[in-house]
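Following: one structure in structure tokens, then a few remarks.
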Amino acid sequence: MEMEKDMLLNMYRKMQEIRIFETRVTELFAEGKIPGFVHSYLGEEAVAVGTCSNLKNTDYITSTHRGHGHLIAKGGQLNEMMAELYGKATGYCKGKGGSMHIADVDLGILGANGIVGGGFTIAAGAGLASKIQKKDDVTVCFFGDGASNQTTFHEGINLASVWDLPVVFVCENNMYGISLSQEKHQKIKDVSDRAVAYGIPGVTVDGNDVVAVYEAIKEAVKRARNGEGPSLIECKTYRHRGHFEGDPTNYRPDEEVQQWKAKEPIGRFRKKLLEMEVCEENELKAIDEEVADQVEKAVKFAEESPDPAVEEAVQDVYTDMIEEVWS
Amino acid sequence: MASIGIIANPASGRDIRRLVAYGTVIDNQEKINIVERLILGALAVNVDHIYIMPDSYGLGDQAICKLRHKIDTHRVSVLDMPIDGTQKDSGNAAAMMESIGVKVLITMGGDGTNRAVTKGSMKIPLIPISTGTNNVFPQFIEGTVAGLVAGLMAKNPELHKGVEKHKKLDIFKNDQLVEHALVDAVTSKEMFIGSRAIWDLENVSEVFLTRAQPHNIGLSALGGSLDPLDPLDPEGLRLTLGKGGGTVLAPIAPGLIRKVPIAKSSRMVPGTKITICKTPGIIALDGEREVEIGRRDTASITLNPEGPKVVNLKKVMELSTANNLMIYDKELIQWQ
């Protein structure tokens with residue numbers, strides 16, 4: 001498939017937004033400015049961007065504990081995201097969610113999720129809602145290789161399969177469930193092998209190649225919108241950091257880390273854009289500078305934002321919608 | 001030593017053609033089963049040793065482990081070599097097997113897998129078993145029979161009369177040989193290798209074929225419907241896609257049947273260099289986007305008669321029957 005220059009450069013920009021945002025977050029966390037936990041998305045940028053470049057605003061995603069990249073790729077604003085990480089009142093969840101619970105229903109972001117495998121059934125539910133409402137919206141469910149061993153994997157994909165729901169299940173196989181390598185937590189090597197058990201297509205792609213991810217998801221989304229049901233796309237990738245910030249990562253051989261860093265997605269994409277003369281070096285440099293500036297503004301916005309008021313602690317605990325439903 | 005080799009691709013049969021077409025799904029557990037049957041077949045005719053390529057899934061190790069109570073496991077080993085989980089592993093394993101003196105090499109994968117193998121060795125006769133997507137070069141062969149044939153050939157040099165030499169297409173970029181194709185090479189306007197497979201013919205300008213048989217799947221089916229060409233025929237086929245000519249109905253991928261406009265068709269003469277005019281773009285080899293050609297690059301394709309050696313199973317089994325290699329104490333059988 002031919003791809004337009006604007007789209008290719010936008011993919012590059014989005015990947016750089018994730019890369020520079022996440023790099024800055026790791027620094028700020030180390031400085032003690034960000035409370036709670038942070039699970040860095042560094043190294044996996046091509047999966048989120050290649051996937052979300054196929055989605056429209058009204059499509060949905062369910063994210064994971066490692067969700068910053070998904071949210072940025074789906075249109076999340078850096079200011080509100082950084083403020084949320086800082087626990088500030090201007091954040092996406094008024095500073096009460098933090099890294100693992102950022103959501104914005106208006107952008108179709110049904111939430112990052114602190115529960116491993118928590119997204120499968122939410123995605124099936126969103127898909128069912130779209131089907132009942134006869135909308136052509138598609139839901140993408142991001143999950144990791146470790147989550148594919150959870151019971152919700154079966155429940156969510158089975159329902160989506162039985163009811164031909166418009167859901168695309170995107171496995172970010174970064175080869176580790178926390179500190180446990182894939183070979184120690186499952187007998188198979190390719191999570192896509194499991195698709196056959198649900199009677200749906202399963203495909204494995206290079207998750208560090210944004211074009212490869214884009215092409216595979218494009219076909220899966222097309223299939224879902226046409227009412228042909230769900231697909232399982234496995235993207236082989238690697239996280240540059242530990243499971244969480246502060247993880248010593250002594251369970252990964254240095255050689256393996258270096259091999260994967262040599263295949264990191266942004267440098268590869270940048271090189272291809274220049275080799276195929278899609279753009280000039282200065283165009284990419286300009287994007288890099290704009291994004292770096294945008295991230296610094298987000299840090300400033302977060303630092304200057306107010307803390308939530310004490311009474312906020314008891315707000316938003318229960319939804320007001322219950323009365324509407326029962327009335 | 002009469003030894004054989006097995007190269008099984010753990011990644012075959014997983015690409016995007018499960019979404020854009022109706023590609024076969026063969027999971028790695030089934031590939032382990034096939035490797036087991038290959039081992040049992042070859043050991044049944046007393047092959048001295050079986051070498052298996054290591055891979056990230058451990059197809060060979062798992063097959064040996066499953067058979068450990070039934071066979072002499074000292075006669076089967078996984079090669080001691082580093083792997084990186086890419087197609088380079090197949091080429092490196094083939095080269096190592098050639099240096100060891102392996103007599104016959106069984107491959108498991110699709111056209112792309114066999115291309116990768118032949119980058120490492122063009123000398124060892126191949127028995128290509130299909131476990132991939134587009135399968136023109138490999139065949140659907142029962143593993144037990146393939147193991148028997150490989151074992152018989154390793155022990156009986158006279159059976160190598162059943163080996164046939166195929167052609168290949170050499171791909172040059174800036175006058176350097178960079179790749180080859182066993183079945184087809186396709187020029188496309190696409191800019192990226194991406195998910196590798198070729199399924200949208202809108203961007204394809206030319207198709208070069210070493211063979212074109214009406215029963216083929218994939219892009220060689222285009223030629224098969226138009227100007228059939230046997231794998232052993234010395235010529236190749238060049239098709240220019242586009243309007244102004246006729247239209248061919250062909251199965252370009254599993255379950256994907258398309259009407260394709262063909263503007264021009266001509267035979268390729270071995271050794272003649274054909275320059276690729278449309279750049280930038282991609283050259284796809286054996287169904288997979290492989291070589292990126294930039295605006296300032298030059299590219300050309302040449303038909304080379306010195307391609308891989310392939311075992312004609314039917315011929316070898318007929319020879320082995322004629323030589324009584326599968327019959328013991330024939331004189332004790334009562335003929336009526």
>> Looking at the structure I just gave you, is B:ASN28 more than 11 Å from every other protein chain (Cβ to nearest Cβ), polar (S, T, N, Q) and under 21 Å from the mean Cα position of the chain (by Cα)?
In response: no
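Quick grid of which residues meet (1) in contact with a Phe, Trp or Tyr (Cβ under 9 Å, 6 or more places away or on another chain); (2) closer than 18 Å to B:ALA299 by Cβ; (3) not charged (D, E, K, R); (4) not assigned by TED's automatic domain parsing to the domain that holds B:MET317:
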site: B:ALA116; (1), (2), (3), (4): no, no, yes, no
site: B:LEU126; (1), (2), (3), (4): yes, no, yes, no
site: B:VAL136; (1), (2), (3), (4): no, no, yes, no
site: B:ILE141; (1), (2), (3), (4): no, no, yes, no
site: B:LEU177; (1), (2), (3), (4): no, yes, yes, yes
site: B:THR187; (1), (2), (3), (4): yes, yes, yes, yes
> Got at least one residue in segment B:320-334 being crowded, with 20+ Cβ neighbours inside 10 Å and out of contact with any Cys (no Cβ under 7 Å at 6 or more places or on another chain)?
Replying inline: yes
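Conditions tested, residue by residue: (1) under 10 Å from the mean Cα position of the chain (by Cα); (2) closer than 14 Å to A:MET81 by Cβ.
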residue: A:ALA30; (1), (2): no, no
residue: A:LYS33; (1), (2): no, no
residue: A:GLU45; (1), (2): yes, no
residue: A:ALA48; (1), (2): yes, yes
residue: A:CYS52; (1), (2): yes, no
residue: A:LEU55; (1), (2): no, no
residue: A:THR64; (1), (2): yes, no
residue: A:GLY69; (1), (2): yes, yes
> What residue, of A:LYS236, A:LYS222, is more than 23 Å from A:HIS68 (Cα to Cα) and within 13 Å of chain B (Cβ to nearest Cβ)?
Replying inline: A:LYS222
> Counting residues that are of a type in the set (S, T, N, Q), which helices (runs of 4 or more DSSP H) fully inside segment A:30-112 reach at least 2?
Replying inline: none
>> Which residue is farthest from the chain's Cα centre (by Cα), if the candidates are limited to segment A:123-151 and must be surrounded by fewer than 21 Cβ atoms within 10 Å (Cβ to Cβ) and β-branched (Val, Ile, Thr)?
In response: A:ILE132
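A quick yes/no check of all residues on (1) more than 23 Å from the chain's Cα centre (by Cα); (2) among the aliphatic types (A, V, I, L, M):
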position: B:ILE4; (1), (2): no, yes
position: B:PRO10; (1), (2): no, no
position: B:ALA21; (1), (2): no, yes
position: B:ASN46; (1), (2): yes, no
position: B:TYR51; (1), (2): no, no
position: B:GLN62; (1), (2): yes, no
position: B:HIS74; (1), (2): yes, no
position: B:VAL78; (1), (2): no, yes
> For segment B:61-71, does any single residue satisfy the condition of being assigned by TED's automatic domain parsing to the domain that holds B:PRO138 and closer than 20 Å to B:GLN139 by Cβ?
Replying inline: no
> In segment B:95-119, what residues are more than 22 Å from B:GLY41 (Cα to Cα) and over 13 Å from the mean Cα position of the chain (by Cα)?
Replying inline: B:ALA95, B:MET96, B:SER99
> Within the bounds of segment B:300-309, is there any residue that is in contact with a strand residue (DSSP E or B) (Cβ under 8 Å, 6 or more places away or on another chain), assigned to a strand (DSSP E or B), among the small types (Gly, Ala, Ser) and modelled with pLDDT of 95 or more?
Replying inline: yes
> Regarding B:ILE193, is this residue part of a loop (DSSP other than H, G, I, E, B) and buried (at least 19 other Cβ atoms within 10 Å of the Cβ)?
Replying inline: no
> Which of the following residues is surrounded by 21 or more Cβ atoms within 10 Å (Cβ to Cβ), β-branched (Val, Ile, Thr) and more than 14 Å from chain A (Cβ to nearest Cβ): B:VAL204, B:VAL183?
Replying inline: B:VAL183
> In segment B:264-308, what residues are loosely packed, with under 14 Cβ neighbours inside 10 Å and free of Cβ contacts under 8 Å to residues at least 24 places away in the same chain?
Replying inline: B:CYS277, B:ARG295, B:ARG296
> Regarding A:ASP254, is this residue out of contact with any strand residue (DSSP E or B) (no Cβ under 7 Å at 6 or more places or on another chain), more than 14 Å from chain B (Cβ to nearest Cβ), free of Cβ contacts under 8 Å to residues at least 12 places away in the same chain and over 28 Å from B:ILE193 (Cα atoms)?
Replying inline: yes
> Going by the conditions given, is A:LYS285 surrounded by fewer than 19 Cβ atoms within 10 Å (Cβ to Cβ), within 12 Å of chain B (Cβ to nearest Cβ) and either free of Cβ contacts under 8 Å to residues at least 60 places away in the same chain or under 26 Å from B:ILE283 (Cβ atoms) (or both)?
Replying inline: no
> Going through segment B:49-65 one residue at a time, which ones are in contact with a Lys or Arg (Cβ under 7 Å, 6 or more places away or on another chain), surrounded by fewer than 23 Cβ atoms within 10 Å (Cβ to Cβ) and away from chain A (no Cβ under 11 Å)?
Replying inline: B:HIS49
> Which residues, taken from segment A:198-215, are under 14 Å from B:ALA197 (Cα atoms), without any contact (Cβ under 8 Å) to a residue 60 or more places away in the chain and facing chain B (nearest Cβ under 7 Å)?
Replying inline: A:VAL203, A:THR204, A:VAL205
>> What's the number of the only condition in (1) closer than 20 Å to B:GLY218 by Cβ; (2) touching a residue at least 12 places away in the same chain (Cβ under 8 Å); (3) not aromatic (Phe, Trp, Tyr) that B:ASN323 fails to meet?
In response: (1)
> Restricting attention to segment B:233-288, and to residues there that are of a type in the set (Gly, Ala, Ser) and not in a strand (DSSP E or B), which single residue is farthest from the chain's Cα centre (by Cα)?
Replying inline: B:GLY271
>> Can you report the number of residues in segment A:165-197 which are β-branched (Val, Ile, Thr), farther than 17 Å from A:PHE120 by Cβ, away from chain B (no Cβ under 11 Å) and in contact with a strand residue (DSSP E or B) (Cβ under 8 Å, 6 or more places away or on another chain)?
In response: 0
>> What's the total number of residues in segment B:99-112 that are closer than 19 Å to B:GLU36 by Cβ and touching an Asp or Glu at 6+ places or on another chain (Cβ under 9 Å)?
In response: 1
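The values are calculated or read from the model by the stated rules, or taken from the named source; none is laboratory data. Worth saying up front: this structure is predicted, and the values here are computed from it rather than measured. Reconstructed Cβ throughout: ideal geometry from the backbone, glycine too, with neighbour counts over all protein chains shown.
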